[in-house]
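Trainee: I'd like to ask some things about the structure below.
The values are calculated or read from the model by the stated rules, or taken from the named source; none is laboratory data. What you see is a predicted model, and the numbers here were worked out from it, not measured in a lab. Don't worry about glycine lacking a Cβ; one is built from the backbone with ideal geometry, like all the others, and counts go over all protein chains shown. Each accessible area value is taken on the protein alone, full model and side chains, heavy atoms only, with ligands, DNA and RNA left out. Shrake-Rupley method; radii C 1.70, N 1.55, O 1.52, S 1.80 Å.
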Amino acid sequence: MSANRPFVLTIAGLDPSGGAGILADIKTFEQHKVTGFGISTANTIQTENVFHEIQWTDTDFIIRSIETLFNSYKISTVKIGIVSSLNDLNQIISTIKNLSPSTKIVWDPVLKSTTKFEFMKIEDYSHLYKILSKIDLITPNDHEIEILFPGFISKMLYKEIKIPVNILLKGGHNETEIGTDRLFLKNEIYDLLPTEKECSEKHGSGCVLSSAIASNLAYNQTIKEACKNAKKYIEKYLSSTSTLIGYHYVQ
């Protein structure tokens with residue numbers, strides 16, 4: 001393997017259509033010229049528009065896989081996708097941080113599929129916020145942020161509380177400012193405005209965006225730079241076809 005490329009790991013589900021999950025992440029990693037590794041948290045039966053079934057990977061198996069990779073490679077960044085519970089998420093993040101405290105972590109909190117299949121329930125918010133404090137960035141949409149932080153948008157809660165993690169709030173579901181992403185950093189709120197006009201909905205776009213950010217962070221870009229550059233990439237992806245599965249382009 002090339003010593004010039006940083007190592008980036010995705011810990012996410014396996015979508016056989018290739019539009020989402022670890023297959024989409026690996027495609028994105030390759031276009032960003034990082035060496036991508038993948039650990040599957042679940043096998044699914046689905047297409048780009050229908051979700052049928054999920055089979056979760058045993059947590060101990062995931063943890064042993066993480067340990068094996070981290071003991072062999074210097075992994076710069078980890079992108080995390082679907083996991084079955086907060087306990088599993090905590091185990092995964094704690095293992096990563098114990099093995100490599102400097103590794104950056106991006107979590108795309110996919111809580112439900114587009115067909116409303118629920119992947120994870122949030123039942124203990126105190127536990128959730130302790131976990132989030134160990135993560136560098138999360139990338140929720142409007143629906144997910146309201147589950148993670150009830151009232152975040154509707155009551156403008158972000159103005160009143162100390163948020164324990166950097167947040168890129170995706171604008172795909174923003175009815176008043178379509179396509180405008182909002183980056184919440186510790187001391188700054190930064191808007192990422194859309195530049196492409198011909199974007200169309202894509203299955204797995206959140207996976208592609210978060211893995212693009214993870215790739216950029218592996219090249220020591222700041223969170224703001226990583227998000228700005230990832231937005232350029234995802235807009236090309238969203239405008240690549242009129243179907244639910246997009247094409248990846250070389251950077």
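Trainee: When ranked by the protection proxy of mean other Cβ atoms within 10 Å per residue, highest first, what sequence do the peptides 233-241, 69-77, 119-127, 44-52 form? Write down the numbers at each step before the final one.
Mentor: Values: 233-241: 19.2, 69-77: 16.9, 119-127: 12.9, 44-52: 15.3.
Per-residue Cβ counts within 10 Å, averaged per peptide and sorted highest first, yield 233-241, 69-77, 44-52, 119-127.
Trainee: Can you list the residues, at least 5 places off or on another chain, whose amide H is less than 5 Å from the amide H of LYS112, using H built in the peptide plane?
Mentor: Distant-sequence amide H within range of LYS112: PHE119.
Trainee: Moving on. Report the dimensions of segment 1-131 along its three principal axes from the alpha-carbon atoms, largest first, rounded to Å.
Mentor: That gives 42, 35, 22 Å along the principal axes, largest extent first.
Trainee: How much of the DSSP beta bridge set in the chain is antiparallel, as a percent to the nearest 5? Walk me through the numbers before you get to the answer.
Mentor: Details: 15 of 36 bridges.
Around 40 percent antiparallel, to the nearest 5.
Trainee: Are any of the pairs LYS202/LYS236; LYS79/LYS134; LYS79/LYS170; LYS202/LYS231; LYS33/LYS97; LYS74/LYS104 more than 19 Å apart by Cα-Cα distance, and if so, which?
Mentor: Numbers: LYS202/LYS236 11 Å; LYS79/LYS134 13 Å; LYS79/LYS170 16 Å; LYS202/LYS231 14 Å; LYS33/LYS97 24 Å; LYS74/LYS104 12 Å.
Going by Cα-Cα distance, LYS33/LYS97 fall outside the 19 Å limit.
Trainee: Can you pull the accessible area of ASP88 for me, 1.4 Å probe, Å² to the nearest 10?
Mentor: 20 Å²
Trainee: Follow-up. Mind checking the full-extension length gain between LYS97 and TYR73? Use 0.36 nm per residue of separation minus the Cα-Cα distance, one decimal, nm.
Mentor: Working: separation 24, 0.36 × 24 = 8.64 nm, distance 1.44 nm.
Contour length minus Cα-Cα distance gives 7.2 nm.
Trainee: Just the accessible area per residue of the chain, please: how many Å² with a 1.4 Å probe? Spell out each step's value before the answer.
Mentor: Details: 12240 Å² over 251 residues.
Per residue, the chain has an accessible area of 49 Å².
Trainee: Still on this structure, please answer the following. What residue among LYS104, LYS112, LYS79 has the largest mean-square fluctuation in a Gaussian network model of the chain, using Cα springs under 10 Å?
Mentor: Maximum among the listed residues: LYS112.
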